[in-house]
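All remarks here apply to the structure that follows.
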Amino acid sequence: MSSRLAGALLRAILMVALVLAPSMLVPGLSSDAQQTVALVALFAGLFTFVEYKAEAPGLIEFRDAPPFNRIRVTLLALTLLALSLIERGRSDPSTLTQLVEAVGALIGMAMDFPYSPVRLATQALTPGATEADIAIVRTAAGTAYLTSLLVLILFSFNMRMGTWPRPGQVFNVWINLPTFDPTSGPDIVARLERDARVNIALGFLLPFFAPVVVRLVLGGIDPAGLGSAHSLIWTMTAWAFLPASLFMRGIAMQRVARMIRDKRRENAPDTPEGMLAA
């Protein structure tokens, strides 16, 4: 119990620090915006604490199957840190910020080809956007998207090596997939594989479709709306993080479905499907 309490408290503190990091690294927030960020950080920390302190989580998936959530948080932290350093360099340049911005600009230009997510992100701006506005969005989009791709490759490598879930670890489907009801509908393996395909498809298509939908529905994003460095940081982070998170969830659900199928092949009728040894 004490170990779970300490782990939940540590995770809550890390989540608060993660939400506050952009406002601490990049100056320029008004007092009202600072209060809003503080409230969001406190809510994120409280939510994380409650989910990890409880016997069974209510919303957080793969809570007891590390390092799935650790990789997702690492992706979020790296994206926020890189974009925050780039934006900080525009007002308070240093060797580190100039290096990150130069690398981000190169990445953005390299990934800015026809029909790429980065090109579509820049085209989501309104027609009145200047070259400087487009360059800022291109750098941020390229940095965020490449970071998500690298973390996805790392996660896929762990899956291919068979290190997730960890060998010998007990994998509880009910605990690690609290939003998935294994008792409803058809066979659990078929449902897991179906949901996995849906998540992977959404993760792949979302970076392409989101800018197009914004352009068609809203007529594009006004560069003035992204004039705030913090708006740009969080917008680009969400644009890259959410699809990568869906992609990871789909890959993980495929792995769980394969684990259940393999367990069935072992002809162990006494082993409940909800409790599997990795």
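The values are calculated or read from the model by the stated rules, or taken from the named source; none is laboratory data. All values reported here derive from a predicted model rather than from experimental measurement. Here the Cβ positions follow ideal geometry from the backbone for every residue, glycine too, while neighbour counts run over all protein chains shown.
Some notes on this structure:
- Filter result for the condition that a residue is β-branched (Val, Ile, Thr) and exposed (fewer than 15 other Cβ atoms within 10 Å of the Cβ), over Thr74, Thr79, Thr95, Thr126: Thr95
- Residue in segment 65-86 that is touching a Leu at 6+ places or on another chain (Cβ under 9 Å), without any contact (Cβ under 8 Å) to a residue 40 or more places away in the chain and either assigned by TED's automatic domain parsing to the domain that holds Pro243 or not acidic (Asp, Glu) (or both) present: no
- The lone exception for Val137 - which of (1) farther than 21 Å from Gly108 by Cβ; (2) buried (at least 19 other Cβ atoms within 10 Å of the Cβ); (3) β-branched (Val, Ile, Thr) it fails: (1)
- Test result for Gln34, surrounded by fewer than 18 Cβ atoms within 10 Å (Cβ to Cβ) and not assigned by TED's automatic domain parsing to the domain that holds Leu246: yes
- Residues being surrounded by 16 or more Cβ atoms within 10 Å (Cβ to Cβ) and at negative phi - total across segment 212-233: 10
- Helices (runs of 4 or more DSSP H) enclosed by segment 87-173 - at least 2 residues per element that are among the charged types (D, E, K, R): 131-160
- Among the candidates Ala140, Ala110, Ala135, residue that is within 22 Å of the chain's Cα centre (by Cα) and either more than 20 Å from Ser228 (Cβ to Cβ) or assigned by TED's automatic domain parsing to the domain that holds Thr235 (or both): Ala140
- The one condition from (1) among the polar types (S, T, N, Q); (2) within 25 Å of Pro27 (Cα to Cα); (3) in contact (Cβ under 8 Å) with a residue 24 or more places away in the chain that Gln98 does not meet is (3).
- Restricting attention to segment 87-96, the residues being within 24 Å of the chain's Cα centre (by Cα) and either more than 20 Å from Tyr145 (Cβ to Cβ) or outside the structural domain of Leu146 (by TED's automatic domain parsing) (or both) number 1.
- Pro67 falls short of the stated requirement of being at pLDDT below 90, surrounded by 18 or more Cβ atoms within 10 Å (Cβ to Cβ) and either in contact with a Cys (Cβ under 6 Å, 6 or more places away or on another chain) or of a type outside the set (Val, Ile, Thr) (or both).
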